[in-house]
């Protein structure tokens, strides 16, 4: 049986001493994966009053379910809770998830943009609905298995990158605010993934070897291979694009012209939402040199492509829906390190005010800046905030 160790001081990432923790209730979001399982174990070991919660989200695949909350993952989460001797509950957020996340995803795709559902899910569900419900249940904190850290500096909560550079998930948390951060714990933020796996084995958790999914969580995994790919291009046997299969099911196909940068029509597309900026494969245009998706003209329903990679480079962008973690806009201009997508390398830039707009000017041009994605701002290891890349 797993036992807490109240005499041992809490790890730095849990923020409170063991004596303080004893009177604090934490609701931990348990997905059935190794990260949230270890997070729960660390909280229990530190002496918190821990309550496990598994959230049910919407999925178009009723048999397979949402990858974040399949019957198998719920079973694993229950097993971990039993191992830790903590209460376990299931919160059903299917309706809210469908309305706030899936409908946003489809709306953004229909606009020809590339959505970032994980960013919205963190804001609306995991650190929105879950936190609201937790506070109503007299919890002091919620906790997750995110690889990120928070730190109190004076009267301000700062959001920091996780210790593991390869697993850092702060990019997805740029919409959080001060009211939320004071109630959030990131127990695995000061650990690497390798260390988390070792801890899971040390604690003898049934999720120690659980694999993780990198795909969009709510898209059905039990579909059969289809005959066409992203733009109607035949695929080899067994190959298909799950996201586009999902889009074909929920969005009406709207064919249009594929044109080059001179306006010459080269072919037909099946819907602008089947493409993303910088895409090379699956465009459906045969040529000696590859074409790349450059941009989308929503009004004309045209897909503009290019064979010149330099056309994909941009020196600056206007950012919308900006959120500053501190709650106060810093004095601009300010030098920052940016990321224009989760897996992109950091890029030095200046954020400045330009009339009533906020611009990001990069030191070096960035490739395939994609409308709908997030651009986030860092100062060293601190996440300052971010915004949405518009058209």
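Scanning region 347-372 for residues that are under 17 Å from the mean Cα position of the chain (by Cα) and on the phi < 0 side of the Ramachandran plot yields 370, 371. Residues that are touching a helix residue (DSSP H, G or I) at 6+ places or on another chain (Cβ under 7 Å) and modelled with pLDDT of 95 or more are absent from region 314-324. Taken across region 206-216, residues that are in contact (Cβ under 8 Å) with a residue 40 or more places away in the chain, surrounded by 20 or more Cβ atoms within 10 Å (Cβ to Cβ), under 29 Å from residue 60 (Cα atoms) and in the same structural domain as residue 91 (by TED's automatic domain parsing) do not occur at all.
Only one entry of 158, 201 meets the criterion of being assigned to a strand (DSSP E or B), at pLDDT 95 or above and over 23 Å from residue 49 (Cβ atoms), and that entry is 158.
Within region 373-388, the residues that satisfy the criterion of being under 20 Å from the mean Cα position of the chain (by Cα) and outside any strand (DSSP E or B) are 373, 381.
In region 345-358, is there at least one residue being in contact with a strand residue (DSSP E or B) (Cβ under 6 Å, 6 or more places away or on another chain), within 21 Å of residue 111 (Cβ to Cβ) and part of a loop (DSSP other than H, G, I, E, B)? The answer is no, given that none of the residues of region 345-358 is in contact with a strand residue (DSSP E or B) (Cβ under 6 Å, 6 or more places away or on another chain), within 21 Å of residue 111 (Cβ to Cβ) and part of a loop (DSSP other than H, G, I, E, B).
Within the set 112, 145, 128, the sole residue that is under 26 Å from residue 272 (Cβ atoms) and not assigned by TED's automatic domain parsing to the domain that holds residue 298 turns out to be 112.
Does residue 261 satisfy being touching a residue at least 24 places away in the same chain (Cβ under 8 Å), more than 23 Å from residue 105 (Cα to Cα) and surrounded by 14 or more Cβ atoms within 10 Å (Cβ to Cβ)? Taking the combined requirement at face value, the residue does not satisfy it.
Among the residues of region 274-286, none qualifies, meaning not one is assigned to a strand (DSSP E or B), in contact (Cβ under 8 Å) with a residue 24 or more places away in the chain and surrounded by 18 or more Cβ atoms within 10 Å (Cβ to Cβ). Of all residues in region 99-122, those being part of a helix (DSSP H, G or I) and either crowded, with 17+ Cβ neighbours inside 10 Å or touching a helix residue (DSSP H, G or I) at 6+ places or on another chain (Cβ under 7 Å) (or both) number 15. Among 303, 266, which is the only one that is at pLDDT 95 or above, farther than 30 Å from residue 179 by Cβ, touching a helix residue (DSSP H, G or I) at 6+ places or on another chain (Cβ under 7 Å) and in a strand (DSSP E or B)? The conditions single out 303.
Yes/no matrix, rows are residues, columns are (1) within 18 Å of the chain's Cα centre (by Cα); (2) surrounded by fewer than 22 Cβ atoms within 10 Å (Cβ to Cβ):
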{"position": "158", "(1), (2)": "no, yes"}
{"position": "164", "(1), (2)": "yes, yes"}
{"position": "174", "(1), (2)": "yes, no"}
{"position": "177", "(1), (2)": "yes, yes"}
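The values are calculated or read from the model by the stated rules, or taken from the named source; none is laboratory data. Not measured: the values here are computed from a predicted model. Neighbour counts run over all protein chains shown; Cβ positions are idealised from the backbone, glycine included.
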